[in-house]
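To start, the structure under review is shown below, and the notes come after it.
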Amino acid sequence: MAISMLEVSFYSNNYKNWLKKVLSWLYNQKNIVPHDYCNFLQEIRGEIIHGYFESFDGLNKSLDKGTSVNRFVFNLLDYLIWNENRNNHNDFHFSYKNSIEHHYPQNPFESEGMNSKKISDNDLNGGCDNFGNLCLVSGSENSRLSNRLPTEKKGHKPSSLKQKLMMEYNVWDNTEVGLENIKSHREKMIGLLKTCYD
């Protein structure tokens, strides 16, 4: 699964340094011990994240940036969520996704009887661009879901584990409960990412 996470994160040939390291490591092993291989992949993952963000504080400061968040962070989170509880995510697999979705939309459609007011910076750090409100999806899925409210998005199959967790909340909007849920989700995701720096 770690190889899949790296492949969908760095699919351009220009960024396949990680693959060269993996193949070199495998080639130089007389006997491949699965535990050693997994540890080696974890080292590569650590090198990559530390290459982008020298410290956890640097990573944390880069997250409430909407569509500017590094896509590797989302794939890494999906891997960490999967790895934390593999039995609950048997059907999950990595796929190429490059579009950042705002679960609560930046410009929500007016829906009858639904709260569709925008989330501002006063409501939430980063407003709609808060990392708790973001997930990685395909471009076509982003177009399809665009400005729909989270209650409407629940009818679609999630394309990432982070998105799946977001869809499990009953309230995800600009109400006090909805904003607390977004903050809570962000904190849970930050906790997982922090493990890469421990």
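Observations on the structure shown:
- Of the residues making up the stretch 112-164, those that are modelled with pLDDT of 90 or more and closer than 18 Å to Asp64 by Cβ number 10.
- Here Gly191, Gly178, Gly139, Gly155 are screened, and the one residue that is loosely packed, with under 13 Cβ neighbours inside 10 Å, in contact (Cβ under 8 Å) with a residue 12 or more places away in the chain and not β-branched (Val, Ile, Thr) is Gly139.
- Looking only at residues in the stretch 1-60 that are in a helix (DSSP H, G or I) and among the acidic types (Asp, Glu), the one that is surrounded by the most Cβ atoms within 10 Å (Cβ to Cβ) is Glu7.
- Note on the stretch 169-198: residues that are polar (S, T, N, Q) and either part of a loop (DSSP other than H, G, I, E, B) or closer than 12 Å to Asn60 by Cα (or both) amount to 3.
- Candidate set: the stretch 158-171, residues that are out of contact with any His (no Cβ under 9 Å at 6 or more places or on another chain) and farther than 13 Å from Phe74 by Cα; chosen: the one most open to solvent (accessible area, probe 1.4 Å): Asn170
- Meets criteria (more than 22 Å from Ile81 (Cα to Cα) and modelled with pLDDT under 90) for Tyr27: no
The values are calculated or read from the model by the stated rules, or taken from the named source; none is laboratory data. Please read these numbers as outputs of a predicted model, since none were measured by experiment. When we count neighbours, we look across all protein chains shown, and the Cβ atoms used for this are built from the backbone with ideal geometry, even at glycine. Side chains included, ligands, DNA and RNA excluded: accessible areas come from the protein's heavy atoms. Shrake-Rupley method; radii C 1.70, N 1.55, O 1.52, S 1.80 Å.
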